[in-house]
Amino acid sequence: LAQPVTPDLLVSPSSQDGDLGSECPEDRGNWTGRLDFLLSCIGYCVGLGNVWRFPYRAYTNGGGAFLVPYFIMLAICGIPIFFMELSLGQFSSLGPLAVWKISPLFKGVGMGTILIVSLVAIYYNMIIAYVLFYLFASLTSNLPWQHCGNWWNTNLCLDHHVIKAGNTTFPVNITNTVSPSEEYWSRYVLHIQGSSGIGDPGRIRWNLCLCLLLSWTIVYLCILKGVKSSGKVVYFTATFPYLILVMLLIRGVTLEGAWKGIRFYLTPQFDHLLSSKVWIEAALQIFYSLGVGFGGLLTFASYNTFHQNIYRDTFIVTLGNAITSILAGFAIFSVLGYMSQELGVPVNQVAKAGPGLAFVVYPQAMTMLPLSPFWSFLFFFMLLTLGLDSQFAFMETIVTAVTDEFPYYLRPKKASFSAVICIALFLMGLILTTEGGMYWLVLLDDYSAGFGLMVVVITTCLVVTRVYGMKRFCRDIHMMLGFKPGPYFRACWMVLSPVTMMALLVYNIVKYQPSEYGSYRFPTWAEVLGILMGVLSCLMIPIGMVVAVLQEEGTLWERVQQASRPTMDWGPSLEENRTGMYVASLAGSQSPKPLMVHMRKYGGITSYENAAIEVDREMEEDEEESMM
């Protein structure tokens, strides 16, 4: 059969072959498998916080009653912002810096995001280094933190075997005593006694330094080929933690006294719901556990095909994340209940959050079980896989953001550029491997992604809905997915999400408390340094505005208006996806019927072209209304 001939009028000059093709940057690449994106998002969101922050937050804020504000905040803040980030990334196929072609005036938001992610990546990999340290320490017949009597132990050390013996032979006073696992963590792993505070870091702990080097090496090898390599690694790192979590859960609930911990974890105290603190804590847990604002979601979505159903993926990931947190609570508190029965103390005396749970309490509980090295190895291997895929996302965000800004130079050398970034962040993290490194880690953890991250997310939400326009954003989603977001998403984007996050921001500022680590209080200069870390990411926004305005021409107001409009090349990155209003912005397009050009060139009308026709019709109606 003869091929149909397309009239010249209907062929856009941009489609004709020429020398321009050789000047195009190297292809960004896409996910290679159907589940790569979904598993990467699950791996990114389900991280260390699900295990060591959620269970503790739940029990301190009303137990089972905490799930009420948790799921309400998930619906108001979590799901809508999650979907917005995925939509921006998938629609534009751009990283967190280049995506601000949507409104160049606010490119500083992207710069702030990269600064925050870089600071978080430095200390997050140090936590993975601690996990590797414990993982190797578990490869022994007797766990090194099982008994006292080692060179790092003090006279205050008292292990649980002595306590159990004391129940039948002689009374033991356990006040002012320290467990072997706590001394192993602070005096052997950290060697914190060698530092007097944050201003006196002491010597580098070479065993920790080597663990950090190994951690960065693993991360680099996994992101070496971008999403093509990390997209395959997550098939293991995103799924294997669930297998271990189920094993720990089954082992936990079969222990004597497990019910004490679970009852402590889930007993609802509904009077807590009248406290604003509980609602703020629920919103904070959602905010940080879903990883919104860090650019990871936007980066992952930018490697999707244009019509990927991110609407479905949003609900799978956000609800899966919430269920994982609740399951982790059962696994943790069943073991803590057993531990409290063994020690003869209430559950609230053994329950901790953060590193205290992962590196002190849970390892101590492991020593009470038969085959303790096996369970210890499993627990730390779970933490390793949970942490790694979150770290992949942080690194992919930084690398993608910069390579999208300089595609001609950096995309062909992405592997080398990734190596440079990993080496630079490793060198910056060396201070965390010193004897006083934990003080620096606490400072970074408290300030790097605090109010600065909230300002970034609030600004993004307001720019997309107010500056770019809610109607236009919904049209873009319609063009991409074939349907418009419903009233629930529009109400959250316009009012509920920004208002809730502003309340969070105000609460954080009003209830500000200086950092501390145990009984150590940070000096004023350290507090100022921490605050500057948060403020610097916020300052990127006005700095970006000044740069954008200076690049325009005309009066100040004209420059601001021009800089706030999307650039000419804003829209889908592939020509075949630029239907409707975006065809006219293709380089060299002179066709009077851009949509016809598109359909003739790429074949028939699909459901997505139908969506584009609807969008065109809507825009024509809007123009007629504005002229009347």
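Here residue 522 meets each of (1) more than 30 Å from residue 352 (Cβ to Cβ); (2) modelled with pLDDT of 90 or more with one exception, condition (1).
Residue by residue, here is whether (1) assigned to a helix (DSSP H, G or I); (2) touching a residue at least 24 places away in the same chain (Cβ under 8 Å); (3) of a type outside the set (A, V, I, L, M); (4) closer than 24 Å to residue 91 by Cα holds:
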{"site": "233", "(1), (2), (3), (4)": "yes, yes, no, no"}
{"site": "244", "(1), (2), (3), (4)": "yes, yes, no, no"}
{"site": "247", "(1), (2), (3), (4)": "yes, yes, no, no"}
{"site": "255", "(1), (2), (3), (4)": "no, yes, no, no"}
{"site": "262", "(1), (2), (3), (4)": "yes, yes, no, no"}
{"site": "265", "(1), (2), (3), (4)": "yes, yes, yes, no"}
{"site": "278", "(1), (2), (3), (4)": "yes, yes, no, no"}
{"site": "287", "(1), (2), (3), (4)": "yes, yes, yes, yes"}
{"site": "298", "(1), (2), (3), (4)": "yes, yes, no, yes"}
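Taking the numbered list (1) under 15 Å from the mean Cα position of the chain (by Cα); (2) assigned to a helix (DSSP H, G or I) in turn, residue 399 passes all entries but (1).
Quick one: is residue 20 at pLDDT below 95, aliphatic (A, V, I, L, M) and closer than 30 Å to residue 442 by Cβ?
Numbers: at pLDDT below 95: yes; aliphatic (A, V, I, L, M): yes; closer than 30 Å to residue 442 by Cβ: no.
Criteria not met by residue 20.
Taking first residues from region 542-562 that are closer than 15 Å to residue 463 by Cα and open to solvent by less than 60 Å² (accessible area, probe 1.4 Å) and partners that are in a loop (DSSP other than H, G, I, E, B) and aromatic (Phe, Trp, Tyr), no Cβ contact under 8 Å between residues at least 6 apart in sequence or on separate chains turns up.
Of all residues in region 196-227, how many are among the aliphatic types (A, V, I, L, M), in a helix (DSSP H, G or I) and open to solvent by less than 10 Å² (accessible area, probe 1.4 Å)?
Of all residues in region 196-227, those among the aliphatic types (A, V, I, L, M) come to 198, 204, 208, 210, 212-214, 218-219, 221, 223-224, 227.
Within this subset, residues satisfying the condition of being in a helix (DSSP H, G or I) are 208, 210, 212-214, 218-219, 221, 223, 227.
Pick out the ones that are also open to solvent by less than 10 Å² (accessible area, probe 1.4 Å) and you get 208, 212, 219, 223, 227.
Residues that pass the stated criteria total 5.
Among the residues of region 256-270, is there at least one that is surrounded by fewer than 23 Cβ atoms within 10 Å (Cβ to Cβ) and among the small types (Gly, Ala, Ser)? Yes.
Somewhere in region 179-195, is a residue part of a loop (DSSP other than H, G, I, E, B), open to solvent by 50 Å² or more (accessible area, probe 1.4 Å), modelled with pLDDT under 95 and not β-branched (Val, Ile, Thr)? Checked region 179-195: no residue is part of a loop (DSSP other than H, G, I, E, B), open to solvent by 50 Å² or more (accessible area, probe 1.4 Å), modelled with pLDDT under 95 and not β-branched (Val, Ile, Thr). Being closer than 18 Å to residue 120 by Cα and assigned to a helix (DSSP H, G or I) is the filter here, so list the residues in region 503-527 that pass it. 526, 527, listed by residue number. Of the residues that make up region 112-134, is at least one more than 26 Å from residue 297 (Cβ to Cβ) and open to solvent by 10 Å² or more (accessible area, probe 1.4 Å)? Yes, region 112-134 has at least one match. Checking region 338-350 against the condition returns no match, with no residue being under 25 Å from residue 441 (Cβ atoms) and in contact with a Lys or Arg (Cβ under 6 Å, 6 or more places away or on another chain). Total residues in region 73-96 satisfying the condition of being surrounded by fewer than 24 Cβ atoms within 10 Å (Cβ to Cβ) and not in a helix (DSSP H, G or I): the figure is 1. Just one of the listed residues (278, 234, 253) is in contact with a His (Cβ under 8 Å, 6 or more places away or on another chain) and not charged (D, E, K, R), namely 278. Set side by side, the residues 322, 301, 351 differ, and just one is buried (at least 16 other Cβ atoms within 10 Å of the Cβ) and either of a type in the set (Val, Ile, Thr) or over 19 Å from the mean Cα position of the chain (by Cα) (or both), which is 351.
Selection over region 271-298 of residues that are buried (at least 24 other Cβ atoms within 10 Å of the Cβ) and of a type in the set (D, E, K, R) gives a count of 0.
Considering only region 58-72, how many residues are surrounded by 22 or more Cβ atoms within 10 Å (Cβ to Cβ) and assigned to a helix (DSSP H, G or I)?
Number of matching residues: 5.
The values are calculated or read from the model by the stated rules, or taken from the named source; none is laboratory data. None of these values were measured; they are calculated from a predicted model. Glycine gets a Cβ as well: all are built from the backbone with ideal geometry, and neighbour counts include every protein chain shown. Protein only, heavy atoms only, side chains kept; ligands, DNA and RNA dropped before computing areas. Shrake-Rupley method; radii C 1.70, N 1.55, O 1.52, S 1.80 Å.
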